[in-house]
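> This structure is in C-alpha cells; I'll ask about it shortly.
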Amino acid sequence: MARSGTIDNSQIWHDNDGNAIHAHGGGFLQEGDYYYWFGESRQGSKKVACYRSTDMEHWEFRNHVLSVDSAFQSVYYRTFSEMDPYGTIDKGYGSGSVIERPKVLHNAFTGKYVMWMHWENGRDYLDARCAVATCDTIDGDYDYHGSYNPIGQMSRDCTLFRDDDGTGYFISAARDNADLMIYRLSDDYLSIDEHVKTLWPGQYREAPALFKRGELYFLVTSACTGWYPNQGAYAYASSLTGKWSQLYDLGGPTTYDSQPAFVLTVQGIEHTTYLYVGDRWDPSNYSQSSYVFLPLEFSEDHIMSMDWQDIVTIDTDTGAVGGEYVDSGLYRIYCNGPDQYLAPDARHIAEVEGAVGATKLAYASEDLKWMLVDVGAGKVLIQHAESEGYLQPLGQSDSEGAAIVLAERVGHPSEEWECVTLDQCWCRFLNRHSGLALTISGEKGGKLVQSDRRSTYDTRRGFDSQLFLPAKVY
Ligand code: DGJ
C-alpha cells in the first residue's frame, strides 16, 4: 500500500477517478492506514464529500456523506431541521443551505462519527449557525441533527478538536466574526457543554485550525477578508482555557494565497509531521478553488514557521517530509484602487486594442500573471507572461491619460518603469519617458493610464489608484 506521496501545491487536485477534489474548508480523521478528508462539496444538493488516502497524493472518493436529502434525526435540544429553508432547490434557482468547514471526530463512548459544521440559509450569511450530523461509519451517510446558534451565539467559521483525554471542543467565530469562542462539548460530542474561552475579542479572527504538539496547543487563524487571502497567524497556550500568547504571523502576507482549514498530524515511526492545510479560494470561481499542504517548522517548542513549497513529499510511514521551491518568477500585480489585479482588458476599453485594466482575482487565470524584467538602475519592464507583451503608453505617448497597452518591445524608454517601493512592499510605477505614474482610472475594472500624482480614490479610506503590490505567484 503506497505510503509516500508527492503533493503539488500549484495545481487543481484530482481524485483517483480524475475528478476535481471538492473538500474545501476541510478536516481530516485518521483511521487505520487511511487519512479521511471531509470538506465542502457544493455540487447541487451535495454538501459534504469524503475522500481517503494512505499517501496524501492519491485520493479515493468515498461518498457524499451529507446532502440536503440526508435523513433528519432530532437530538435532545432544539434545532432547525431545514437544509433548504427558502426552497431554492424546488424553485430551481439554488441548492439549499450553505454548509462550510465540516469537521469530524470519532466518539469513543458512543462509537459514532460526529460532524460539526457552519450552516447558513443559502441566501445570506445572517443566520450564522452551527450544525451537527452523525454516522456509525466514518464514510457512510450521516444523519443530520439540525442547525442552531450555540448558547445563542452566532457561529460561522469553525473547527473541532479532540484533546488527549478525549474531551471534544468546538471552536467558532461569534459576534459577527469579532470573537473566537471555544466550547467544551458534551461527552457524546453532540452538544455544547460549556463556553470555556473567548479568544482575541474584537480582532476578527476566523478559519480556526487547532492542534496540539507536545504540551502546547496551537491555533492557526486568518483575518476576515471574505474569499481573499490575508496574513495568517498562530498563537499557542499550555491550556485551552488558560492564557494564550499573542498572535504571530505565519506564512507570507497572503499565507501563500491560502486560508487555514486544518493542521494534519502525520505520526510516523521516525518523525511527527504537522501539515498546514489551506484553501486557495478562487474568488472568481469557487469550483476552481484548490488546496495548499505545507509542513510546519518548529525552531523552538513555541515558535512555528511555514515556508512555501511548490512540491511537498511525505512518507506517512516514517513521517518524513520534504519540499521543493521553484521560483516561478511570476507575479500577480494587486491594484489598491479597485482592489483588483492587473490584466489585459478583454473589453478593449475605449476601443484600444491590448488595453490593460484590472480584474477580480482568479487563480486559474493565466491573464493575471506578469514578469518584472529588471533592466537596471531601478527600472523594470512589466511583461505579460502569456502574451509576452510589454506594458507601455499607447504609441509611446508621454501625455497624461495615455492608455496603457501591451505591445512588442522596441527599446523605447516608455517601456521602462521605475518601481518606487513604499512601505509594506507597496510601490508606484513611474514611466521612464514621461515621469508620469501608472494609474488605474475609474472604478473597479478601470483601464490603466499614466497620470501625475493625483489619487482618483479617497485615500482616507486607504484606496489609492497609483498603489500596486506585486505578489509572487505560488
Ligand atoms: C471566509 C470564510 O473563511 C469562508 O469559509 C467563507 O465563509 C467566506 N468567508 C465567505 O465570504
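The values are calculated or read from the model by the stated rules, or taken from the named source; none is laboratory data. Since the structure is predicted, the reported quantities are computational estimates derived from the model, not experimental observations. Backbone-built Cβ (ideal geometry, glycine too); neighbour counts: all protein chains shown. With ligands, DNA and RNA removed, areas are computed over all heavy atoms of the protein, side chains included. Shrake-Rupley method; radii C 1.70, N 1.55, O 1.52, S 1.80 Å.
> Between the stretch 276-306 and the stretch 1-73, how many Å separate their Cα centres?
So the separation of the two Cα centres works out to 17 Å.
> Right, next: Please compute, over every Cα-Cα pair in the stretch 128-244, the percentage with a separation greater than 19 angstrom.
Details: 3198 of 6786 pairs.
Tail fraction, whole percent: 47.
> What value in Å³ per residue do you get for the convex hull of the alpha-carbon atoms in the chain?
Values: hull volume 76.4 nm³, N = 474.
Cα-based convex hull of the chain, divided per residue, equals 161 Å³.
> Going highest first, how would you order 302-309, 400-407 by mean Cβ packing within 10 Å? Show your work: numbers first, answer last.
Numbers: 302-309: 17.6, 400-407: 20.4.
Descending mean neighbour count gives 400-407, 302-309.
> Moving on to the next point. Please tell me the relative contact order of the chain in percent, rounded to the nearest whole number, where contacts are Cα pairs under 8 Å and at least six residues apart.
On the way: 1267 pairs, mean separation 44.6, N = 474.
Answer for the chain is 9 percent.
> What is the extension gain from Glu353 to Asp339, computed as 0.36 nm multiplied by their sequence separation minus the C-alpha to C-alpha distance, in nm to one decimal?
Values: separation 14, 0.36 × 14 = 5.04 nm, distance 2.38 nm.
Computed gain between Glu353 and Asp339 is 2.7 nm.
> Please report, in whole Å³, the volume per residue of the convex hull around the C-alpha atoms of the stretch 157-225.
Working: hull volume 5.6 nm³, N = 69.
Normalising the Cα hull of the stretch 157-225 by residue number yields 81 Å³.
> For the stretch 1-126, take the alpha-carbon Rg, divide it by the Kirkwood Rh, and send me Rg/Rh. Provide the component values of the computation, followed by the final result.
Numbers: Rg = 16.0 Å, Rh = 15.9 Å.
Across the stretch 1-126, the Cα-based Rg/Rh ratio is 1.01.
> Give a quick list of chymotrypsin sites (Phe, Trp or Tyr not before Pro) in the stretch 207-289 that DSSP marks as loop, anything other than H, G, I, E or B, with at most 14 other Cβ atoms within 10 Å. Before the final figure, lay out the partial values.
Working: sites: Phe211, Tyr217, Phe218, Trp227, Tyr234, Tyr236, Trp244, Tyr248, Tyr256, Phe262, Tyr274, Tyr276, Trp281, Tyr286; in loops: Trp227, Trp244, Tyr256, Trp281.
Here the sparse-neighbourhood loop sites are Trp227.
> Moving on. So for the stretch 195-309, what are the equivalent ellipsoid semi-axes in whole Å, largest first, each being the square root of 5 times an eigenvalue of the Cα gyration tensor?
Details: eigenvalues 103, 71, 27 Å².
Whole-Å semi-axes of the equivalent ellipsoid: 23, 19, 12.
> Out of the chymotrypsin sites (Phe, Trp or Tyr not before Pro) in the stretch 35-131, which ones are loop residues according to DSSP with at most 16 other C-beta atoms within 10 Å?
Counting only loop positions with at most 16 other Cβ atoms within 10 Å, the chymotrypsin sites (Phe, Trp or Tyr not before Pro) in the stretch 35-131 are Tyr76, Tyr77, Tyr86, Tyr93, Phe109, Tyr125.
> Still on this structure: Using DSSP to define loop residues, name the trypsin sites (Lys or Arg not before Pro) in the stretch 279-379 whose beta-carbon has at most 16 other beta-carbon atoms within 10 Å.
On the way: sites: Arg280, Arg332, Arg347, Lys360, Lys369, Lys379; in loops: Arg347, Lys360, Lys369.
Those satisfying the criteria are Arg347.
> For the stretch 137-189, just the Cα atoms, rotate onto the principal axes and tell me the three extents in Å, largest first.
So the three principal-axis extents are 35, 27, 17 Å.
> Further question on the same structure: Roughly how many Å is it from the Cα centre of the stretch 336-402 to that of the stretch 146-170, as a whole number?
Measuring centre to centre over Cα atoms gives 46 Å.
> Then there's this: What is the distance, in nm, between label points placed 7 Å from the Cα along the Cα-to-Cβ direction at Asp124 and at Asn16?
Label-label distance for Asp124 and Asn16, simple model: 4.5 nm.
> Could you give me D for the stretch 331-472, from Stokes-Einstein at 4 °C and 1.567 mPa s, where the hydrodynamic radius is the Kirkwood radius over C-alpha pairs? Units µm² s⁻¹, please.
It diffuses with D of about 89 µm²/s by this estimate.
> Continuing with the same structure: Could you compute how fast the stretch 332-404 diffuses translationally, taking Rh as the Kirkwood radius over C-alpha pairs and applying Stokes-Einstein at 10 °C with viscosity 1.306 mPa s? Give it in µm² per second.
On the way: Rh = 13.1 Å.
Here the translational diffusion coefficient equals 121 µm²/s.
> Could you order His384, His22 so the one with the most accessible surface comes first? Probe is 1.4 Å.
Details: His384 5, His22 30 Å².
From most exposed to least exposed: His22, His384.
> Short version: what are the Cα gyration tensor semi-axes of the stretch 24-93, square root of 5 times each eigenvalue, largest first, in whole Å? If you can, show how the numbers build up before the last one.
Details: eigenvalues 158, 53, 14 Å².
Square roots of five times the eigenvalues give 28, 16, 8 Å.
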